[in-house]
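The values are calculated or read from the model by the stated rules, or taken from the named source; none is laboratory data. In this text, all values refer to a predicted model and were calculated from it rather than measured experimentally. Quick reminder, even Gly has a Cβ in these numbers, built from the backbone with ideal geometry, and neighbours come from all protein chains shown. These accessible areas exclude ligands, DNA and RNA; they are computed on the full protein's heavy atoms, side chains included. Shrake-Rupley method; radii C 1.70, N 1.55, O 1.52, S 1.80 Å.
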Amino acid sequence: MIETRVLKQFVTVAETLNFHRAAELLHMSQPPLSVAVRQLEEKLGVTLLIRDRGGVALTPAGSAFLHSARGLLHSLDQQISHVRKVAEGLAGKLTISSVSLAGYPRLLNALSQFRQRYPQVELEIKEMPSAMQIRAVQQGETDLAFIRQPAVELRHGKLTPFLTEKIVVALPAEHPRAAQREINLCALADQDFVFTPPQLGEGYYQQLIQLCQSAGFYPRIVQQAAQISTLIALVSCGFGLALVPESVANDSANAKVRFLPLSDATPQAEIALFMLFANTQPVAATLANFLALLDKP
């Protein structure tokens, strides 16, 4: 084991080729410096410096070790700088997941600002269902998740409301009711529906089921799709209707699909999006920096 202090002492002697001058630069007396370099040579089992009345000179081994020592010290300085930047949230990695990125300007704006403000932070963005996000946070694979209401209380992780949006009906553009400005959900009791599978978001699935039940019917689900984009594609093909968050309507450019608000809107007809992250203290600096951007108007 060679201490970095000794490496710095050797480099200073090797660059000045003068023990007295090197000792002054290192703010130490000359005898301990001479002893330190001699002990270094003994550890390495080689002669690094030739000492005679004419002064000090590097041996070939000394020149090689000088190059290596400079490299080691430079690398160490870089690693120390990197660690400090990570501690300040200026470097490192931040993984963010969401049920969807499209349709949420506040989230997209924060991502854009973060990327510009912290270019040395590796920003990984994932889209996945709520259930998968919860597992990813619990397993340390995601730092911050944007999920729908979980079906059960989470024992691990901090859940914070992010926004609330209305649920709308997606239906084919040629549907007899597509020309309406709004629609009463109970009027769709005899319609086919397409849903996302419950195992991908049990809370979200149950809320939609309860919304239909409050309108007096249980939805006839004829097809399921894991992705909202696939769900909308199925609607455009006439597979059935879909109940989706309003953000999907704001972002969709599918001319074959119409989105209608519910005329019988109730609290059940609103869907929340939550932020979930590991309940550890203190919060990682990269995550804290991103959360601060989210809080800005």
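Of everything in the range 247-271 that's at pLDDT 90 or above and not aromatic (F, W, Y), which residue is nearest to Q210 (Cα to Cα)?
The extreme case among them is L262.
Here are T196, T286, T230: which of them is under 30 Å from K85 (Cβ atoms) and of a type in the set (S, T, N, Q)?
Values: T196 fails: under 30 Å from K85 (Cβ atoms); T230 fails: under 30 Å from K85 (Cβ atoms).
It is T286.
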- Residues located in the range 233-283, provided they are within 18 Å of M128 (Cβ to Cβ) and not small (G, A, S): V244, P245, V248, D251, I271, L273, F274, M275, L276, F277
- Residue within the range 6-16 that is part of a helix (DSSP H, G or I), open to solvent by 90 Å² or more (accessible area, probe 1.4 Å) and more than 18 Å from S68 (Cα to Cα) present: no
- Query: Under the condition of being crowded, with 17+ Cβ neighbours inside 10 Å and under 16 Å from the mean Cα position of the chain (by Cα), which residue from the range 140-150 is farthest from I96 (Cα to Cα)?
  - Reply: I147
